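Data first, discussion second: the structure below is written as structure tokens.
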Amino acid sequence: MLGKPVPAPSALPEQTCITSQVPESLTRRKLLKTGVSAFAAASLAPSAESAATMDAADRAKQTRSIPYGAAISSVNLARDKQYGEAIARYCDLVVPDAALKWDATRPSPDRFDFTDADMILKFASENKIGVRGHTLVWYAALPKWIDQAVTSRESAERELTHHIAEVVGRYRGTIGSWDVVNEPIAEEPGTQDLRESIWSRYLGTDYIDLAFRTARMADPTAQLYLNEYDIEFAGDRFAAKRKALVGLIRALKDKGTPIDGVGIQGHLDPRFSIDTEALAALVGEIDAMGLRVMVTELDVKDQFLPADPATRDAITAKAVETFLQTVCAGVHRPTAVLTWGITDRYTWMRYYVKRADGLPNRPLPLDAGFRPKKMFAVIQRFAGQKASQLPQ
Ligand code: G3I
């Protein structure tokens, strides 16, 4: 059932290095790999001797900005010139919102289709912006044939490892980090912390360690993340999710699972207050385990906010500020801040989080006309900004 290896397209981005004044240890490739932007890389450029010392001590108090990025859709990239221009202008890195998921890359058990993903990788290379991958293992976005293909522990292991080896192997050296496992925690942890999925059904929690180990073998240079949502807010359900997540991470670390970081999705919802103390504690615990934190899918659900755009934009900007203030206050800064889309013109919320009044959602940093909103200014205060492209 294993398909023939898919030849990598010649158009895969070649590795470009920043100019010679930056020591090898800080070449663009390495910095991009850790999610550090070209812009931030340029501002990093220390002399060779200082590079060695620039690590934990400097990182802890560094006031440098953090790379900013956005989820990108191949569909919108193909049809909307302004969309690509905005991403190239404001983003240091991108993450495909759908093009690297199983349902996009696996039309059949023995075939891979990387057309959409390769389009995004090519766009990113041409615009000198980094790419992160999303997602190798999820309970959703699976092709219909998976239920016939995965019917036992053996077949689950075979399909999972084959998929990850092929996908990560194809983009080895070009995708700097991966959401290896997405949303593994149950909606209502307590009796059962692990979310039920085809993978947990046949492999239990073993699927998570297996996924990370397979991804590490396929590309030892990529940073490997576990990505989760609803861990930002005050309330029993969210506290239970945070507790279950920390428990899972500890168990993975104890097992020697090659995990590098945790993605805090950041789909904010003004119906729930951000539990700044608990979120800061979570970031601290992740940091104490030697793992990085990345804000991976930031946006704000506004379906219950007032209709008036200015009122909505003020509330969403404030929510983002509180969230980023908390996440960025930790000893080590997030490796990147990404929003889940960049413009209100295209957001997943128009399908999944509709407003009763039918007005379009306003969850993202740019409005539907690609004009920066209050939220944009807040994000740029915390995250990387390509100085030459700051909104006038
Ligand atoms: O590209 C195809 C198109 O060719 C086809 O005509 C069309 C109709 O079937 O479908 C298109 O694919 C859609 C894809 O988005 C690209 O637009 C899929 O049906 C649709 O299910 C998919 O939705 C994505 C969803 O995850 C499920 O994969 C959303 O765009 C994406 O924003 C959302 O993102 C998730 C993260 O992965 C995990 N965290 C939550 C976040 C929001 O739900």
Estimated distance in nm for a label pair at E196 and A280, the labels positioned 7 Å out from Cα along Cα-to-Cβ: 3.9
Order of W199, W178, W138, W145 - criterion: other Cβ atoms within 10 Å of each residue's Cβ, fewest first: W145, W138, W199, W178
Debye, to nearest 20: dipole size of segment 136-199, +1 on Lys, Arg Cβ, -1 on Asp, Glu Cβ: 380
Ordering of 308-315, 361-368 by burial proxy (mean other Cβ atoms within 10 Å per residue, highest first): 361-368, 308-315
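Give the residue list of GluC sites (Glu not before Pro) in segment 129-189 that are DSSP loop and have at most 13 other beta-carbon atoms within 10 angstrom.
Values: sites: E154, E157, E159, E166, E187; in loops: E187.
Filter output for segment 129-189: E187.
Given R₀ = 41 Å, what would the calculated FRET efficiency be for M289 paired with Q82, taking r from the Cβ atoms and rounding to 0.05?
On the way: r = 42 Å, r/R0 = 1.02.
E between M289 and Q82, to the nearest 0.05, is 0.45.
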Charge dipole (segment 208-274, unit charges on Cβ, about Cα centre) - positive-most of L248, L226, S273: L248
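Using R₀ = 41 Å, calculate the FRET efficiency as 1/(1 + (r/R₀)^6) where r is the Cβ-Cβ separation of M217 and V75; round to 0.05.
On the way: r = 32 Å, r/R0 = 0.78.
The pair M217/V75 has a calculated efficiency of 0.80.
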Proxy reagent accessibility, fewest Cβ within 10 Å first, across V180, V327: V327, V180
Backbone N within segment 351-377 under 14 Å of label point (7 Å from A307 Cα along the Cβ vector): 355-361
Extension gain from Y352 to Q325, taking 0.36 nm per residue of separation minus the Cα-Cα distance: 7.0 nm
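Here, each number is a calculation from the coordinates, and none is a lab measurement. On a predicted model such as this, the values are computed, not experimentally measured, just so you know. All Cβ positions, even for glycine, are placed from backbone atoms using ideal geometry, and neighbour counts span all protein chains on display.
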